[in-house]
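Everything below concerns the one structure shown next.
The values are calculated or read from the model by the stated rules, or taken from the named source; none is laboratory data. Owing to the predicted nature of the structure, the values given are computational and were not obtained by experimental measurement. Here the Cβ positions follow ideal geometry from the backbone for every residue, glycine too, while neighbour counts run over all protein chains shown. The area values use the complete protein model at the heavy-atom level, side chains included, leaving out ligands, DNA and RNA. Shrake-Rupley method; radii C 1.70, N 1.55, O 1.52, S 1.80 Å.
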Amino acid sequence: MNVLRALAMLALVLVASGCSAGGGSAGGGSAGRTSGPSTHPSPEPEAYRRLVDRGTEQLRLKTAAHDQLWQIGDAAAWSVDQRAGTIRFDAPNGTSAVAPVQIIGTYDTNQGTWLWSWSNTSVEPALALDARRLLEFGQQHNVPDLLVRKVRCDEDHCWTFTAAAAALGNAQGAYRGPAGDALVFMTFGAVQLESRP
């Protein structure tokens with residue numbers, strides 16, 4: 001599967017696709033708020049649109065560079081070690097790339113819903129820091145989809161969330177990996193290349 005090449009293509013066409021906030025509790029504290037489903041897309045403040053545009057362009061350029069340097073688009077396997085806080089890509093040519101990782105959220109392909117990592121108990125808190133930064137941005141700029149734990153949307157909109165988180169966290173790339181019926185959206189930091197025997 002050529003997921004990373006798809007990211008590069010998606011980064012070119014990312015648009016806000018009319019997601020609506022879904023119900024659910026914030027999971028304690030003031031991390032988010034509960035909201036019923038909306039039948040109309042939430043208007044996005046200009047500051048958020050600029051952040052998404054910046055993140056999208058940065059990811060497009062960085063993905064192209066990764067593909068040229070170590071063939072990220074050809075990576076045959078990926079894995080995340082939550083304890084170590086890293087993602088690993090193994091390319092067929094024997095090159096492995098390892099980088100710090102942040103999990104931004106997961107997309108349930110059956111339900112059509114996004115779940116923020118800051119409200120997902122299966123995600124180590126240290127790997128949800130960039131998602132929390134985006135939550136804080138949403139609180140400061142009143143972006144409804146960033147304030148609720150679950151959002152009803154399509155996969156393209158998940159890329160807008162990921163692009164915004166990448167821009168805030170100065171990520172060096174992003175990846176969407178399958179995990180059963182879910183898709184895990186992640187950003188990653190500086191890459192270390194290794195040769196496998």
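Identify all residues within the stretch 22-61 that are of a type outside the set (A, V, I, L, M, F, W, C), open to solvent by 40 Å² or more (accessible area, probe 1.4 Å) and either part of a helix (DSSP H, G or I) or at pLDDT 85 or above (or both); write none if there are none.
Passing the criteria: Glu46, Arg49, Arg50, Asp53, Arg54, Glu57, Gln58, Arg60.
State the number of residues belonging to the stretch 123-148 that are outside any helix (DSSP H, G or I), in contact with a strand residue (DSSP E or B) (Cβ under 9 Å, 6 or more places away or on another chain) and not acidic (Asp, Glu). Give the steps one after another, and end with the answer.
Here is the first cut: in the stretch 123-148, the residues outside any helix (DSSP H, G or I) are 123-124, 142-143, 147-148.
Filter once more, keeping what is in contact with a strand residue (DSSP E or B) (Cβ under 9 Å, 6 or more places away or on another chain): 123-124, 147-148.
Subset that is not acidic (Asp, Glu): 123, 147-148.
Total meeting the criteria: 3.
Can you tell me which residue in the stretch 68-94 is modelled with the highest pLDDT, limited to those that are open to solvent by less than 30 Å² (accessible area, probe 1.4 Å) and in contact with a helix residue (DSSP H, G or I) (Cβ under 7 Å, 6 or more places away or on another chain)?
Gly85
Let's see how each residue does on (1) open to solvent by less than 10 Å² (accessible area, probe 1.4 Å); (2) within 18 Å of Asp53 (Cα to Cα); (3) touching a Leu at 6+ places or on another chain (Cβ under 8 Å):
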position: Gln140; (1), (2), (3): no, no, no
position: Arg149; (1), (2), (3): no, no, yes
position: His157; (1), (2), (3): yes, yes, no
position: Tyr175; (1), (2), (3): no, yes, yes
position: Ala179; (1), (2), (3): no, no, no
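Output the residue which, of all residues in the stretch 149-172 that are assigned to a strand (DSSP E or B) and either of a type in the set (A, V, I, L, M) or over 16 Å from Ala128 (Cα atoms) (or both), is nearest to the chain's Cα centre (by Cα). Please lay out each step first, then the result.
If we filter the stretch 149-172 for residues that are assigned to a strand (DSSP E or B), which is where we start, we get 150-152.
After this cut, where a residue has to be either of a type in the set (A, V, I, L, M) or over 16 Å from Ala128 (Cα atoms) (or both) as well, the list is 151-152.
Values: Val151: 14, Arg152: 15 Å.
Filtering first and then ranking leaves Val151.
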